[in-house]
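Input: a single structure, listed below in structure tokens.
The values are calculated or read from the model by the stated rules, or taken from the named source; none is laboratory data. From a predicted model like this one, the values you see are computed outputs, not experimental measurements. Don't worry about glycine lacking a Cβ; one is built from the backbone with ideal geometry, like all the others, and counts go over all protein chains shown.
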Amino acid sequence: MRTSLTARTVLLTTGVACLVAAVAAIAAWPLLRSAADSQGRSDLARLANLTAVALAQTTTSAQVPEELLSELRDGRVSAFLFTSSNATIPGLSADQPAAVLGAPPGFALATMSPDGNALVEARTLTSGLGLVLLQPTSVAVAAAWQQELRLIAALSLGLLAAGLFGFVAARRLARPLQSLRGAAVMLAAGDRDVALQPSGPTEVIEVAEAINRLSDALAASESRQRSFLLSISHELRTPLTAVLGHAEAMREGMLTGVEVTSAAAVIQREALRLGRLVDDLLVLARLEAVDFPLQRTTVDLVQLAQEAAGARRDGEIAVEVAAEGAATGNATSVLVDTDPMRARQLLDNLLDNAVRVSPAGSSVMIHVERMSGWGCLTVSDEGPGLSEEDIAVAFEVGTLHHRLGAARAGTSGLGLALVQRLITRLDGQVKVSSRPGAGVQFQLLFPPD
């Protein structure tokens, strides 16, 4: 069962107030009882003094003022005169009457009745005559209860105030949260024009600012995706147009002899281009899956680089391998633990980009070395290089393609994004460095064997 923030806050503040009230009431009871006992003893002593003064006027016929009698009755105080002839005196033990009667006039005795049910005040009126006042202890208990009830009433008012305060505070806190909820719903519905005005507690303000940043990031990401899809659509349409055009011409019999062979070569070349593009898309998608297959084994990076360079021996741009001992034909092996097919795919992607941006007559270098135990392949070209802003987004899908165009960033904008995700799956790293006009160096680091 879900409850609102307002309800939870009201319940919390009310619960805390109830707990505080209960603790206060329990802790106050002994204090109130002690205060009531002290006050009761003080009042009884005062009444005993007043009664003694009134009775001291005569020892035969005492006249007690009506006001004093009324106060004695209201306090449930019982008064007794006693002499040595009395067998038992209420409230006094066996030896206490003699102590009172033998004392000089004005002697005061404050005690508790032997059964513990009454407060006792005794006074010596004259030699041989004493006064004793008794008040039940229940009178002090009743007074303490009255104070306790007053305290409970005050705590109840505080409890009500706490509930009202919790309700108001929760409503004020929930208002910006409701705005955050509305913004999240808008984002989920595809609306990217979300701009919150942060307000409320610091934490709520931080969440609102985060949602604003999320809205901007989603808008930018979707813009890049649209540009990427437009680029991919164009890249797909170009070879498809060539394939369909030549196939249609062959079907209609418009091509004969050598033209048919040339058309078939074009169809094959464009079909291979489409195949590579589709393969890159599939690999990029599968890299996000948990079960992406890898066949790890020991791989010599020097041999891998030489094979990749040999595949481009007849190209316009020379691809050369630099490794320790390579000049004498006895290059030192650099062994790593990786998937040979995926490692070659990484290197080919970087070489494709390097060859594409290299000016005529230049060369691309593959440096193979061991760095702090890692196997390192560095692909360097002599092209126009990248700016710091370009390097920051180099591995985002389609971003560099959108910034630089297909001629610089690649035909589809997938290559570098694929490299970054694939090397991560191989437990390696990719680094890039460049200076505008001085070429680019992409560095692949593989874990040692």
Under the condition of being exposed (fewer than 13 other Cβ atoms within 10 Å of the Cβ) and either of a type outside the set (Val, Ile, Thr) or assigned by TED's automatic domain parsing to the domain that holds residue 15 (or both), which residue from the range 192-207 is modelled with the highest pLDDT? 206
Mind checking whether some residue in the range 256-264 is modelled with pLDDT of 75 or more, closer than 21 Å to residue 420 by Cα and of a type in the set (S, T, N, Q)? no
Output the number of the condition that residue 61 fails; it satisfies all remaining conditions of (1) more than 21 Å from residue 111 (Cα to Cα); (2) at pLDDT 75 or above; (3) polar (S, T, N, Q); (4) surrounded by fewer than 17 Cβ atoms within 10 Å (Cβ to Cβ). (2)
Counting only residues that are free of Cβ contacts under 8 Å to residues at least 40 places away in the same chain and within 18 Å of residue 18 (Cα to Cα), the range 162-186 contains a total of 1
For the range 70-96, how many residues are touching a residue at least 24 places away in the same chain (Cβ under 8 Å) and either under 60 Å from the mean Cα position of the chain (by Cα) or not in a loop (DSSP other than H, G, I, E, B) (or both)? 8
Scan (1) surrounded by fewer than 21 Cβ atoms within 10 Å (Cβ to Cβ); (2) modelled with pLDDT under 85; (3) hydroxyl-bearing (Ser, Thr, Tyr) for the single condition residue 424 breaks and write down its number. (2)
Condition first: over 22 Å from the mean Cα position of the chain (by Cα), part of a helix (DSSP H, G or I) and more than 18 Å from residue 8 (Cα to Cα). Now tell me which residues in the range 160-212 satisfy that. 186
Scan the range 13-27 for residues that are at pLDDT 75 or above and under 15 Å from residue 152 (Cβ atoms) and jot them down. 18, 19, 20, 22, 23, 24, 26, 27
Failed item, numbered, when residue 141 is tested on (1) closer than 30 Å to residue 17 by Cα; (2) modelled with pLDDT of 85 or more: (2)
